[in-house]
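Input: a single structure, listed below in structure tokens.
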Amino acid sequence: MKRPAAALLGCIAVILLLTVAGIASIPSLQTGTWQPMGSMAAARSGATAVLLQDRRVLIAGGDGGSGAVNSAEVFNTDGSFSAVSAMGTARAKHVAVALADGRVLVAGGEGAGGGGT
């Protein structure tokens with residue numbers, strides 16, 4: 001069964017969310033195997049990933065190994081990663097949603113000291 005591109009990109013968002021080593025992999029629908037897709041600028045766990053209107057995936061925040069971080073990057077449609085502006089607050093285990101106007105709302109999570117944001 002063929003899956004629409006939006007569904008595949010949704011899978012990418014989940015896969016990137018679970019990536020801790022900083023190297024992203026996505027499933028190949030043609031071969032049924034996992035294919036490496038590039039390296040994130042920083043390894044992170046507890047980040048959030050959201051599909052943007054232009055089909056890129058925003059990965060924001062997470063725990064970089066020594067606490068929450070405020071950095072963010074996008075997974076581009078060509079399989080590369082690009083840095084984007086950092087969030088105002090470091091956070092991990094948060095949520096994000098793409099808004100109709102193209103912005104992304106990020107809320108909640110744990111701050112750099114481990115407390116709630």
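The values are calculated or read from the model by the stated rules, or taken from the named source; none is laboratory data. Keep in mind that what you see is a predicted model, and the values were worked out from it rather than measured. Every residue, glycine among them, receives a Cβ derived from its backbone with ideal geometry; neighbour counts consider all protein chains shown.
The residue that is surrounded by the most Cβ atoms within 10 Å (Cβ to Cβ), among those in region 40-70 that are under 12 Å from the mean Cα position of the chain (by Cα), among the aliphatic types (A, V, I, L, M) and not in a loop (DSSP other than H, G, I, E, B), is 59. Here 89, 77 are screened, and the one residue that is of a type in the set (S, T, N, Q), outside any strand (DSSP E or B) and more than 27 Å from residue 35 (Cα to Cα) is 89. Annotation: of all residues in region 71-90 being touching a Leu at 6+ places or on another chain (Cβ under 8 Å) and farther than 25 Å from residue 113 by Cα, the one that is surrounded by the most Cβ atoms within 10 Å (Cβ to Cβ) is 75.
Residue count for region 24-39, restricted to those that are in a strand (DSSP E or B) and at pLDDT below 80: 9. Residue-level analysis places residue 17 among those that are modelled with pLDDT under 80, surrounded by 14 or more Cβ atoms within 10 Å (Cβ to Cβ) and not aromatic (Phe, Trp, Tyr).
In this structure, does residue 102 turn out to be closer than 30 Å to residue 36 by Cβ and either assigned to a loop (DSSP other than H, G, I, E, B) or under 15 Å from the mean Cα position of the chain (by Cα) (or both)? For residue 102, the condition - closer than 30 Å to residue 36 by Cβ and either assigned to a loop (DSSP other than H, G, I, E, B) or under 15 Å from the mean Cα position of the chain (by Cα) (or both) - is met.
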